[in-house]
1. Per residue of region 38-49, in order, report the coupling 6.51 cos²θ - 1.76 cosθ + 1.60 (Karplus, θ = phi - 60°) as ³J(HN,Hα) in whole Hz, putting x for Gly and Pro.
2. Could you estimate the translational diffusion coefficient of region 56-110 from the Stokes-Einstein equation, with Rh from the Kirkwood formula over C-alpha pairs, at 20 °C and 1.002 mPa s, in whole µm²/s?
3. Quick one: what are the phi-derived ³J(HN,Hα) couplings along region 160-165, Karplus 6.51/-1.76/1.60 with θ = phi - 60°, whole Hz, x for glycine and proline?
4. If each residue of separation counts as 0.36 nm, what is the full-extension length gain between residue 60 and residue 152 once their alpha-carbon separation is subtracted?
5. At a threshold of 8 angstrom on Cα-Cα distance, excluding pairs fewer than six apart, so keeping six or more, what relative contact order does the chain reach in percent?
6. So if each residue of separation counts as 0.36 nm, and I subtract the Cα-Cα distance between residue 47 and residue 21, what length gain in nm does that give?
7. Whenever you get a sec, compute what percent of the accessible area on the chain sits on carbon and sulfur atoms (1.4 Å probe).
8. Size of the chain along its principal axes in angstrom, Cα-based, largest extent first?
Amino acid sequence: MSLSVLLFALLTWQIVADGPLRRADERAGRALTGSRLPDRAAEFLADLGNATVAVPVLVAVAAYTAWQARRGGAFRWWLPAVAALVAMAAVPVLVAPLKALIDRPGPPGMAGGGGFYPSGHAATAAVAYGAAVLLLLPLLRGAYGRRELVIACCLLNVAVGFGLVRRGYHWPLDVVASWCLAAVLLWAVVLVVSRSTGRSSSRTPSCRSGPS
């Protein structure tokens, strides 16, 4: 988590001070905007970061996992789902003031004078899909299924970020900065989920085998 905070501070300093990272970022953004990915495909990927798409996914997963936890008699079965939804609600609370304070102009062709750093769509996707995965992981048995789910979530968020840059909605570092913020929020969800799962398992009575 501390690494994410430090990276976000570094990126923000470079954006505000018009440092070499900002200039490299804008060159990379222009290059990615001219990539061969069709506009419709890029738009579809970018739309996966819309709140109207990502948030219902998290709400559905939160409801399902809470129901499963309650049915299994888990200790404070509602806590992980509430933590995930609170993390989701914290995204605009964090992102909106930063956008107004930093006031970074968007890529060429974007309307409005500023407010593009960090990306709200990238943060929404990262927290919504990431928190959904964190809620589902305790329900999965075996490392293989968990690993595949985490990899799929990472690839999905990379695709959303690429779509946002490819369509010219954001610069690359707008997306990376949002991932840093999302990492902090998801770490808080990790702590809640792990503690809730640990307490639930500790309250489960152990089976004692009788004499053979």
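1. Using θ = phi - 60°, the values come out as x, 4, 5, 5, 5, 5, 4, 5, 5, 5, 5, x Hz.
2. Answer, rounded: 158 µm²/s.
3. Each residue's phi maps through the Karplus curve to give 4, x, 5, x, 5, 6 Hz.
4. Length difference between fully extended and current span is 31.3 nm.
5. Values: 277 pairs, mean separation 71.9, N = 212.
Averaging sequence separation for qualifying contacts and normalising by length gives 34 percent for the chain.
6. Extra length from residue 47 to residue 21 when fully extended: 6.7 nm.
7. Ligands and nucleic acids excluded, carbon and sulfur give 67 percent.
8. On the principal axes, the chain reaches 75, 33, 29 Å in Cα extent.
The values are calculated or read from the model by the stated rules, or taken from the named source; none is laboratory data. Every value quoted in this text rests on a predicted model; they were computed, and no experiment measured them. All Cβ positions, glycine included, derive from the backbone under ideal geometry; neighbour counts span all protein chains shown. The protein model used for the area step is the full one, side chains on, heavy atoms only, and it has no ligands, DNA or RNA in it. Shrake-Rupley method; radii C 1.70, N 1.55, O 1.52, S 1.80 Å.
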